[in-house]
There are 2 protein chains.
Amino acid sequence: MDIGLHNLEDFIRGTTILGTGGGGDPYVGKLMLLEALKQGHKIRLIDPDDLPNDARVINVLSMGAPTVINEKLPSGPATIAAVRAAERELGYKFDAVMPIEAGGVNSTVPLLVGALMDLPVVDADGMGRAYPEVQMTTYNVAGKSGNPHVLADDKKSIVVTNTDDNHEAEWLCRAVCVRMGGIAQMACHPLTGREIKDHAVLRTVSLSIEIGSTIRKARSANQDVFAALLDFFRARGRHARQLFEGKIVDLLRETREGFSIGRVVLQGIGDSKGELKIVFQNEFLLAEHDGRPVAMVPDLITVLDQETVEPITTEHLRFGQRVRVVGVGVPEIMRSERALQIFGPPGFRLDVAYRRIEELAA
Amino acid sequence: MDIGLHNLEDFIRGTTILGTGGGGDPYVGKLMLLEALKQGHKIRLIDPDDLPNDARVINVLSMGAPTVINEKLPSGPATIAAVRAAERELGYKFDAVMPIEAGGVNSTVPLLVGALMDLPVVDADGMGRAYPEVQMTTYNVAGKSGNPHVLADDKKSIVVTNTDDNHEAEWLCRAVCVRMGGIAQMACHPLTGREIKDHAVLRTVSLSIEIGSTIRKARSANQDVFAALLDFFRARGRHARQLFEGKIVDLLRETREGFSIGRVVLQGIGDSKGELKIVFQNEFLLAEHDGRPVAMVPDLITVLDQETVEPITTEHLRFGQRVRVVGVGVPEIMRSERALQIFGPPGFRLDVAYRRIEELAA
């Protein structure tokens, strides 16, 4: 499958829903890709099954708070410089690139880099959603080292971190990212085709396209878009439900230590009573209804405009917005005990024990 | 000339005087070297003139605030790891190591690394004194890139920064240093023998030994130690004088952004009237007598115990201490227009125009 002008919009909308509020404004990523497509570059997707086991693949991304990414745009050339530095470090060339997460700008950066470098993009990622920290991957859950962690910026500075501990890599790289201006282009987690098949969350790029296409088709057929979205996930065996419908009455958001951190409080409207509080660190992490958890990482919490069903990223939350909050269960690869340690509640130092969204519905 | 048990104490005392309050507690460095000497390692000095022009030399140091260095000691093995990473990056082996500055712990780190790696230590450095930031070198003044800038810690993390701008390197490395715990072992500024002869401040290790030996001899002969110290510098064509004698009546010191930053105020005793204020960033930067500058970077400002004439580093300043402040002129290589931009008052954003200490005496 390729991505072009015919399905770019679908892809962006779908990936923003998987992005659970994070990954930066998808509009920015769309503009970058439109420009590359106009210049004649091609975006080629490759299915994990079509990847030779010994294929060499690198994850590429923008590190930084979404609040910053929207003002200081991701750079294709700097990301390519990071990829080249990783190749020098490893002593071999990459056959493909891939996204480390599904969501916002970081879904589009690998497409841009693949297009500019004429490399295919693997239809998979390392988070199955968006997460704020670079060690929050299924690769890390599988015990793979992310080395080399390469950061690059438009001043042509290159910083390469090698460390035994992927969490330490995040800690060190984040400080550099902040000093690079709050956003850094990154290449890390080199993987073989075999490792991708075993440890990545598969086919999340095409999943994003399908989500977007579902919404588009429901809209043009004047169907209930929100219901179509829930049906889409349920048809794929995922738990999905509306968590709340409400108006934003309280919003705290700060850009701190390289992240966009805060909480939003909704007052119920319609059938929703009481208050829903959602805390976020780039992404929505935990939703509590009148103090009772109703969904938490790694399960997806996505905030949608009440009328248009457009996903709203954390940096675009505004006082008074009327929204629907949807919760979606995630694949089992993201719910193992070690996975929860890395990107479940303990990974975010949230003082709550993980319970699956489908259990919390009861 | 070698450094051994017979002259280690002299070296430490002398280098602390050149260190102008910075570089960390020399006692820490002394203990590290004593341990290495006891284990049978040799500290070999090599004169710059004996260095082949094509010799490959690397600067090694601890980056961090002295207040931290005294609690989290510099690591020989981590520094060696940084040197090895620089070798891998450059594709060749080093023939020698050298200090980037004269002062405190950072005078001793290269001696330790040279001893452990069985490499000679070049009798020269890149500052001719101590400075808080890694780009404040005569190499940088000469336009040499410090790449690769390698940071290493005891957790075996290695961070390699390459950038077109040495000041940017300091900016990025400092953030990593802070996250490595406030101190990082560093290798940077690879130089050839020719470059050292042209751009380093020469024979500052042997100068340190001579300063220390002058003090020791004056003490054992019951001579005026302070006068002997001034005479020593004057005999080498350096301006040297007592700037003030006083009691510490005000002290502000904080560990911030990877530095020890503050100011100390002295109230005059004896012939010294009024107040002397000295601002510092790891090192003493600017001394003002009742608001009038009397010495400033790059000239040396060193605080000595009134009775013992022992140098006092910035982190050992205490309320009520009675001290003498000495000012010493520096070699011309450290006073060029570009040198002043990098490590004169503008390099520290001090709102004062540079005037030589000998002019300010008039």
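Computed from the coordinates by the stated procedures, all read-outs in this text should not be read as laboratory data. Everything numeric here is computed off the predicted structure, so don't read it as measured data. Here the Cβ positions follow ideal geometry from the backbone for every residue, glycine too, while neighbour counts run over all protein chains shown.
Below 14 angstrom from the Cβ of B:P74, what's the summed charge of the other residues (Lys, Arg +1; Asp, Glu -1)? Numbers along the way, then the final one.
Numbers: positive: B:K30, B:K72; negative: B:D25, B:E35, B:E71, B:E101, B:D153, B:D154.
Net charge in that neighbourhood comes out at -4.
So for region B:224-360, what are the equivalent ellipsoid semi-axes in whole Å, largest first, each being the square root of 5 times an eigenvalue of the Cα gyration tensor?
Numbers: eigenvalues 93, 78, 36 Å².
Three semi-axes, in Å: 22, 20, 13.
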DSSP-assigned coil residues among chymotrypsin sites (Phe, Trp or Tyr not before Pro) in region B:239-347, each with at most 12 further Cβ atoms within 10 Å:
B:F319
So how do A:287-294, A:170-177, B:99-106 stack up, highest first, on mean other-Cβ count within 10 Å?
B:99-106, A:170-177, A:287-294
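Where does each of A:Y354, B:Y27, A:Y131 land when they are ranked from fewest to most other beta-carbon atoms within 10 angstrom? Walk me through the numbers on the way to the answer.
Working: A:Y354 19, B:Y27 15, A:Y131 30.
The most exposed by this proxy come first: B:Y27, A:Y354, A:Y131.
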What do you get for Rg/Rh over chain A if you use C-alpha atoms and the Kirkwood form of Rh?
0.95
Lys and Arg at +1, Asp and Glu at -1: neighbours of B:V294 with Cβ under 14 Å from its Cβ sum to 0
Suppose we keep just the DSSP beta bridges with both residues in region B:224-360; what percent of those would be antiparallel, to 5?
100 percent
Report the trypsin sites (Lys or Arg not before Pro) located in region B:67-132 that are in a DSSP loop and have at most 14 other Cβ atoms inside 10 Å of their Cβ, or state none.
B:K93
If you wrap a convex hull around the alpha carbons of region B:167-225, what volume per residue comes out, as a whole number of Å³?
161 Å³
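Among residues other than A:R174 whose Cβ falls under 15 Å from its Cβ, what is the net charge (Lys/Arg +1, Asp/Glu -1)? Mind showing how you got there, number by number?
Details: positive: A:R179, A:R256, B:R174, B:R179; negative: A:E133, A:D153, A:D165, A:E168, A:E170, A:E257.
Once positives and negatives cancel, what remains is -2.
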Please compute, for peptide A:151-157, the average count of beta-carbon atoms on other protein chains lying within 10 Å of each residue's beta-carbon.
4
When A:V303, A:V326 are arranged by how many other beta-carbons sit within 10 Å of their Cβ, fewest first, they go A:V326, A:V303
Give me the one-decimal Kirkwood hydrodynamic radius in Å for the protein assembly as shown, with the sum taken over alpha-carbon pairs.
28.0 Å
Quick one: what does P(r) look like for region B:2-202 with 5 Å bins over all Cα pairs, in whole %?
1, 9, 18, 23, 24, 16, 7, 2, 0
Karplus-derived HN-Hα couplings along region B:295-312 (A = 6.51, B = -1.76, C = 1.60, θ = phi - 60°), whole Hz, x at Gly and Pro
6, 7, 4, x, 4, 7, 10, 10, 9, 10, 4, 4, 8, 8, 6, 7, x, 10
